[in-house]
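K.L.:
Just dropping this structure here.
Nothing in this text is a laboratory measurement; each read-out follows from the coordinates by a stated rule. None of the values given here were measured: they were computed from a predicted structure. Counting neighbours? That spans all protein chains shown, and the Cβs are built from the backbone with ideal geometry, glycine included.
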Amino acid sequence: MSGLPVPHLVTDRRVETADTVTLRLEPVGAALAEFTPGQFAMVHSFGRGEIPLSVSSVQSTGGLAHTVRAVGAVSAGLCAARVGDVLGVHGPYGTGWELERARGRDVLVVAGGIGLAPLRPLVLEALADPGGYGRISVLVGARTPGDLIARDDLARWRTAYTAVTVDRPDAHWDGDVGVVTRLLDRAPFAPERTWAFVCGPEPMIRATARDLARLGVPPHRVRVSLERNMRCATGHCGHCQLGPLLICRDGPVVGWDRAEPLLSVREL
Amino acid sequence: MTATAPPAVIDEDGLGVLVATLVAQGRTVVGPTVRDGAIVLAELTSSAALPYGWGVDLDAGRYRLVRREDRAVFAHSAGPQSWKSWLHPARERLWSADRTPEGDVTFTAAEPEAPAYAFLGVRPCDLRAIAIQDWVLTGGRHPDTGYGRRRRRALLIAAECTEPGATCFCVSTGGGPAADPGYDLALTEIVDDDGHRFLVRAGSEEGARLLDALPHRRADFVTEASARGAVDAARDRMGRALPPVDLRTLLGGSLAADRWDDVADRCLTCGNCTMVCPTCFCVTTEEVTDLTGDHTERWQRWDSCFDLDFSHLHEGPVRASPRARYRQWLTHKLSTWHDQFDSSGCVGCGRCVAWCPAGIDLTEEVAALHAESGTETRR
Ligand SMILES: Cc1cc2nc3c(=O)[nH]c(=O)nc-3n(C[C@H](O)[C@H](O)[C@H](O)COP(=O)(O)OP(=O)(O)OC[C@H]3O[C@@H](n4cnc5c(N)ncnc54)[C@H](O)[C@@H]3O)c2cc1C
Ligand code: SF4
Ligand code: SF4
Ligand code: FES
């Protein structure tokens, strides 16, 4: 066993969509070690269990935010947490986006659905350092307008380019319709001097990474965040294996150069 | 006497004193004994429980106890269990959480006192398996504290192999019937005209102290030569072998092989192979709540990559087909284990071969994959 949960108080709860909320958490006692964008925590819902959740905001105070979508018992329990509740959190686990490697280059962020949550602190980090990076673009795809998270952020961020597209529009939608990769044509980035950061469902990651490779972004500079079932986050349960990788330890963020050969094998 | 002390010899009485001494030290002695038609590992209170005069007859999907003509105790190859049942138990409480009426929550690590185990009769393959689990569970950034506690207190008494089973292939996994370092004491059993005795070597200070407490004599040349000879002969009598090729590359390059469909037709995905394997470490976790709802415990239990839920994700399991699950198991054992933990995950103990109800033989599957890869390169 490793990783005893540390109590955290829910200090804010924000409804993002019908099935997704963002919880802000402050440590009750000693804080965990600092998380970097892209890393994840194991978050415990009392009596239900614990699940991996990426950080959607990192605070130097030791506070964290997680954006969680209810898909099962534990995530639904976390979504139902109220301000004042205490949750158990341990981490940080896994690799981060390592934005600093993109210094001086164009930064391209591509998110599918709730995949925007782990990318959010990366965009904030890049924006907090004007002059540190070239052009910063954020491309977001969602199934329907109702599935969009972090809308306020998207409206507020002064990136070089921000675009949102949905698969299925509703009566009020007057934006783009179609898969997120369609937005790549318009985004202002120079492939040969770009670092791309991609998170979303696996088919979306695959399509985006392949298009970026075709446009000329070197595969190792396409950073993708992978997902597998995770029971431990410490390299001991074996659940998160993807071929040679233990995603909790060697990921979740890896370069497309490593991910591509693995994601192209059926049922690996 | 020190760990570098010369080998000694003990007889059956010495073996009895060994077990009695360990018991008197308050250790939980675990060793082989006959139960339910098999030689199993169990807690021993005296050497009388050892399987004097029993051997086994093994093959793919087959295990039979057989009577021997001598009183050998360690002349049997691996049974259905391994030491992981004690070091990395099938069920273990990780921590518990309590909630007050005010809503405060506290988390408490389950730090049960680790028993001081003495494992008697650890096969060289199992010694390597323990070393592999050590590295998997305590060698990384987040050591498994429960395993570490049990392991640190465990005394390992190896029994070198002089009679490999028909399913053994440790030599072709880079090991051998001789014990690698890592033991506290190593025994080599000899039954010949000069009687039933054990060559004993100490591998640690604690082992040396223990040997000092036993009625022993310094090893004579004949006993030493006869012990070495028996172990050397065992090396050449392995029942099976893996093809002498770079298995990491072979398996890594075989993900699209047709052979996986063939084995998937026979595999029942029962997971027996993973349960008996001494290196398989996969676990899952579950939450257990009491009636008040304010006390909850997190437990871990063995899991198997053959279980459909193992790779469960939103759209369903990642590895839905038996083909993908058998492939995951075998490629992990022999190939991706190297990437993850810098060693092979197989020590050649043959348990998965003997205890597979379908008689699937890992060595045969690897040979078939090797043949198939050869066919491809010639095309
Ligand atoms: C590194 C990492 C970071 C993650 N970050 C976030 C995040 O920031 N926000 C968020 O909402 N979710 C995130 N997830 C997914 C989240 O962990 C799962 O949704 C969660 O484990 C489901 O657990 P559950 O008990 O609620 O559902 P379960 O009761 O386990 O299952 C219900 C449903 O969830 C699916 N499911 C089970 N495990 C996973 C899994 N690991 N990933 C995806 N689906 C799963 C099942 O297929 C099923 O349909 C992340 C996953 C990983 C591996
Ligand atoms: S894979 Fe089979 S032979 Fe190899 S260590 Fe495991 S049980 Fe033994
Ligand atoms: S190989 Fe044999 S033991 Fe393993 S899952 Fe298949 S049928 Fe069961
Ligand atoms: S989540 Fe357990 S090994 Fe990665």
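K.L.:
Under 4 °C and 1.567 mPa s, how fast does chain A diffuse according to Stokes-Einstein, given a Kirkwood radius computed over C-alpha pairs? Answer in µm²/s, whole number.
P.N.:
69 µm²/s
K.L.:
Same structure, new question: Through the Karplus equation 6.51 cos²θ - 1.76 cosθ + 1.60, θ set to phi - 60°, convert the phi angles of segment A:144-158 into ³J(HN,Hα) values in whole Hz; use x for Gly and Pro.
P.N.:
Calculated HN-Hα couplings, in order: 9, x, x, 8, 6, 10, 6, 4, 4, 4, 4, 6, 8, 4, 9 Hz.
K.L.:
Additional query: Using the Karplus curve 6.51 cos²θ - 1.76 cosθ + 1.60 with θ = phi - 60°, work out ³J(HN,Hα) for each residue of segment A:51-64 in order, rounded to whole Hz, and write x for Gly and Pro.
P.N.:
Once rounded to whole Hz, the list reads 9, x, 9, 6, 7, 9, 7, 10, 10, 5, 6, x, x, 9.
K.L.:
Short version: what are the Cα gyration tensor semi-axes of segment A:99-225, square root of 5 times each eigenvalue, largest first, in whole Å?
P.N.:
That gives 22, 17, 12 Å for the three semi-axes.
K.L.:
Shifting gears a bit: What list of ³J(HN,Hα) values in whole Hz, one per residue of segment B:339-350 in order, does the Karplus curve 6.51 cos²θ - 1.76 cosθ + 1.60 (θ = phi - 60°) give from phi, with Gly and Pro shown as x?
P.N.:
Rounded to whole hertz, the list is 5, 7, 9, 6, 7, 6, x, 10, 10, x, 6, x.
K.L.:
Counting only other chains, what is the mean number of Cβ atoms within 10 angstrom of the Cβ of each residue in peptide B:143-150?
P.N.:
Working: counts 5, 6, 4, 2, 3, 2, 0, 0.
Partner Cβ neighbours, averaged per residue: 3.
K.L.:
Eigenvalues of the Cα gyration tensor times 5, then square-rooted: what semi-axes does that give for segment A:6-93, in whole angstrom, largest first?
P.N.:
Listed largest to smallest, the semi-axes of segment A:6-93 are 18, 13, 13 Å.
K.L.:
Among residues other than B:Thr292 whose Cβ falls under 10 Å from its Cβ, what is the net charge (Lys/Arg +1, Asp/Glu -1)?
P.N.:
Spelling it out: positives minus negatives among the neighbours equals -2.
K.L.:
Which cross-chain or sequence-distant (5 or more) residues have an amide H under 5 Å from the amide H of B:Val122, H modelled 1.01 Å from N in plane?
P.N.:
Distant-sequence amide H within range of B:Val122: B:Ile157, B:Ala158, B:Ala159.
K.L.:
Ok, one more. If exposed means no more than 16 neighbouring beta carbons inside 10 Å and the site is in a DSSP loop, what's the longest run of chain B without any exposed GluC sites (Glu not before Pro)?
P.N.:
The longest uninterrupted stretch comes out as B:114-314.
K.L.:
Using every alpha carbon pair in chain B, what percent of pairs falls into each 20 Å bin from 0 up to the bin containing the largest distance?
P.N.:
Answer for chain B: a P(r) of 26, 54, 19, 1 percent.
K.L.:
Work out the P(r) tail for segment B:210-365: percent of alpha carbon pairs separated by more than 26 Å, whole number.
P.N.:
Of all Cα-Cα pairs in segment B:210-365, 45 percent lie more than 26 Å apart.
K.L.:
Amide H to amide H under 5 Å from B:Thr28: which residues, 5+ apart in sequence or cross-chain, H placed 1.01 Å off N in plane?
P.N.:
B:Ala116, B:Tyr117, B:Ala118
K.L.:
Going out from 0 in 20 Å bins, what whole percent of all Cα-Cα distances in the protein assembly as shown drops into each bin?
P.N.:
18, 43, 29, 10, 1
K.L.:
When Lys and Arg each count +1 and Asp and Glu each count -1, what net charge do the other residues less than 14 Å away from A:Pro169, Cβ to Cβ, add up to?
P.N.:
Around A:Pro169, the surrounding residues sum to -2.
K.L.:
What is the set of long-range amide H partners of A:Trp97 at a cut-off below 5 Å, with H atoms built 1.01 Å from backbone N?
P.N.:
Those lying under 5 Å, H to H, from A:Trp97 are A:Gly38, A:Gln39.
K.L.:
In the protein assembly as shown, what % of DSSP beta bridges are antiparallel (nearest 5)? Provide the component values of the computation, followed by the final result.
P.N.:
Values: 82 of 115 bridges.
DSSP beta bridges in the protein assembly as shown are roughly 70 percent antiparallel.
K.L.:
From Cα coordinates alone, what are the radius of gyration and Dmax values for segment B:104-255 in angstrom?
P.N.:
Calculated on Cα positions, Rg and Dmax stand at 19.3, 72 Å.
K.L.:
Within 10 Å of each Cβ of A:226-237, how many other protein chain Cβ atoms are there on average? Walk me through the intermediate numbers first.
P.N.:
Details: counts 0, 3, 4, 8, 0, 8, 8, 1, 6, 11, 13, 8.
Mean number of neighbouring Cβ atoms from other chains: 6.
K.L.:
OK, next. How many angstrom lie between the Cα centre of segment A:61-99 and the Cα centre of segment B:322-358?
P.N.:
The two parts, judged by their Cα centres, are 35 Å apart.
K.L.:
For segment B:181-257, rounded, prolate or oblate, judged on the Cα gyration tensor with a ≥ b ≥ c (square roots of eigenvalues), a/c < 1.5 rounded, else prolate if a/b > b/c?
P.N.:
It comes out oblate by the Cα gyration axes.
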